[in-house]
Amino acid sequence: MSRIIAAACTAAALLLSSNAFAQEGNVAAGEAVFKKCSACHNVDSAKHKVGPSLQGVIGRQPGVAEGFKYSKAMVDFGAGKVWDDAQLTAYLANPRGVVKGTRMAFAGLKEPKEITDVIAYLKTFTPAP
């Protein structure tokens, strides 16, 4: 039964993502949404907090930020994947549904516009040279 629920949540997130791709995210609005994330994540440097730095997360393989100890679930999930709009949309909508066993306690962003906006904001942070 839990597999069915997880599959339904993932399918819903992917449907939401198709709507999100139809719009451009608003970076300023995404910065405001990111405040929900900033207690655990950092974007302006590679320094980790409770969660990994999200600087340069777009295009990075999940579960591999140098110097951060990820759960086995996140490392396994990340094999062969990269954080792109589709992966982030699904994950941000339902982190525990997408990565069973993730240590991330955040329940997810429920508004597709918030997800699109926060992704636009994350895209402005590339790793330091």
* Contour minus end-to-end for Thr124 and Lys110, with contour as 0.36 nm per residue of separation and end-to-end as the Cα-Cα distance? -> 2.8 nm
* Using a cut-off of 12 Å between beta-carbons, work out the net charge of the residues near Ala46 (Lys and Arg +1, Asp and Glu -1, Ala46 not included). => +1
* Hydrodynamic radius (Kirkwood) for the stretch 65-129, which is based on Cα pairs only, to one decimal in Å -> 12.9
* Structure fact -> Here the stretch 59-67 yields Karplus 3J(HN,Hα) values (6.51, -1.76, 1.60; θ = phi - 60°; whole Hz; Gly and Pro given as x) of x, 8, 5, x, x, 10, 4, 4, x
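Each reported figure results from applying straightforward, stated rules to the coordinates on display, with no laboratory input. All values reported here derive from a predicted model rather than from experimental measurement. Please note: Cβ atoms are built from the backbone with ideal geometry, for glycine as well, and neighbour counts cover all protein chains shown.
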